[in-house]
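Down below is the structure, laid out as structure tokens.
Coordinate-derived values only; no laboratory data. The shown structure was predicted, so the numbers you read here are calculated from the model rather than taken from an experiment. Using ideal geometry, Cβ is built from the backbone for each residue, glycine included, and neighbour counts are taken over all protein chains shown.
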Amino acid sequence: MKKRAAALLLCLLVIVQLAAPPARAASSVYFVAVGSNVLPMTDATMPFWSGGYLYVSSSMFTGMVWNSLGISHVPANAKQPLILYNEEDRPLMFDLSKTYAQDTDGNTYYPGAVRRNGNVFVPVSLVASFFGLQYSLIPNVEHGYLVWLRQPGYGLSDEDFADAATYPMATCYTQYLKSRQPTGSTQTPTVEKPAETPEVTTGGKSLYLCMEAGSQTGELLDVLDRYAARAAFFCSPEFLETQGDLLRRMAATGQMIGLVIDAADKRETVEEQLRAGNEALWRATFQKSRLVYIKNGDAAAVQTAEDAGFRCLHPDLDRSDYDLRSVSQAESLLKRVSERRGNVTLWLGERFNAVGARALVAAAGEAGDRCLPFTETT
């Protein structure tokens, strides 16, 4: 039945011609689908994250979206707010001068709308919740992510829908690239080529990537998204307190989040650091972790964490004292991996950059390996 439903859905998917947007470089893009339709892609209306919320353009609530969801909008102007409405629920109003939305009963909803690229964007999770819709952010689609908004009880899983929408998204992406060419250009649009990768075969292993989150994390998430790879990011207290957007992106795209604890810290005990770390993670993502990497710790510190129910990282291969910043360094590391039997848990620490990580992940994929996150059950 799933295959039949997917085939029927594929026949229904509609591809709409795109308007020419201003050029913008992006390592990954967001497709938007409503019901059975993949919507046009433009730089000006591309969804984006802000404050931990994913925003979509309010201009999408017309035409096929009205037909599929029954939701339309009244654009904002100098005298009135943006209004989203359907025939059954009370309207949802976004005053652009405020950080919240309101309904006609005076109830407030957070967050509000924002203006970007001359367009008004609204938080998709709030719209879905207010109007009783279902919303998914589907990672691992070609070139980026798929935002899918539909009526309840649609009948397909996220995976089945993404599979059925593969061809429409590919066509949509091709049109998107063409629309970004300068006027009069006849060149065929190109996509950035993957980094050069070393020709090393590691035998179809599961490579459990573990690293310390830091200044390179955003770029590394782009790399992992591009190659459909996963990793575990172990985060310091400072990172957990200050990088909420990146933490929420990790959680939304299937990466694992762990804690980094310094057993030599004289200000807080191991137990206090674990508790404070999870409290900060909860504030950012509404989730906690039982994964931990203990720095400067002896067996007693590890035992303290494990007695508290945490899974401590004991890597098969510790490369935290070696750089991973080039193709040649990735080649050297993959040779070390190939020398080991079975799957490998790899600790990179923080001495890497996007170039080295991209070479490692790309080469592992070409060798038939799977880059996976370290988990509580690994």
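If one takes the longest principal axis of the Cα atoms in the chain, at what angle in degrees, from 0 to 90 and to the nearest 10, does the Cα axis of helix 2-12 lie? Approximately 50 degrees, to the nearest 10. For the stretch 203-226, the residues whose backbone nitrogen is under 11 Å from a point 7 Å from the Cα of Asp316, taken along Cα to Cβ, are 203-209. In a reduced charge model with +1 at each Lys and Arg Cβ and -1 at each Asp and Glu Cβ, the chain shows a dipole moment near 860 debye about its Cα centre. Which of the chymotrypsin sites (Phe, Trp or Tyr not before Pro) across the stretch 143-173 are loop residues per DSSP, with 11 or fewer other Cβ within 10 Å? Loop-located and lightly packed - none at all. At an R0 of 30 angstrom, the distance between the Cβ atoms of Glu159 and Asn296 translates into a FRET efficiency of 0.10.
With springs only between Cα atoms under 10 Å apart, run a GNM on the chain and tell me which of Arg267, Arg230, Arg351 wobbles the most. So, out of Arg267, Arg230, Arg351, the one fluctuating most is Arg267.
Mean sequence separation of contacting Cα pairs (under 8 Å, at least six apart), scaled by the length of the chain, corresponds to a relative contact order of 17 percent.
I'd like the FRET efficiency for Arg340 and Leu96, computed as 1/(1 + (r/R0)^6) with the beta carbon distance as r and R0 of 56 Å, rounded to 0.05. Write out the running numbers ahead of the final one.
Working: r = 57 Å, r/R0 = 1.01.
For Arg340 and Leu96, the calculated efficiency is 0.50.
Pairs Lys205/Lys266; Lys288/Lys335; Lys266/Lys288: which exceed 31 Å Cα-Cα? Those over the limit are Lys205/Lys266; Lys288/Lys335. Helix-only arithmetic for the chain: the sum of -39500 (n - 2.57) across DSSP H runs with n ≥ 4, divided by the residue total, places the mean residue ellipticity at 222 nm at -9500 deg cm²/dmol. Counting only alpha carbon atoms, the long axis of helix 327-338 and the longest principal axis of the chain meet at about 60°. Expressed as a whole number of Å, what is the distance separating the alpha-carbon centroids of the stretch 111-186 and the stretch 328-378? That distance is 31 Å. Of the trypsin sites (Lys or Arg not before Pro) found in the stretch 54-128, those that fall in a DSSP loop while having at most 12 other beta-carbon atoms within 10 Å are Lys79.
If you line up the long axis of helix 270-285 against the longest principal axis of the chain, both from Cα atoms, how many degrees apart are they, to the nearest 10? For helix 270-285, the angle is close to 20 degrees. Projecting label points 7 angstrom from Cα along Cα→Cβ for Thr171 and Glu376 puts them 4.5 nm apart.
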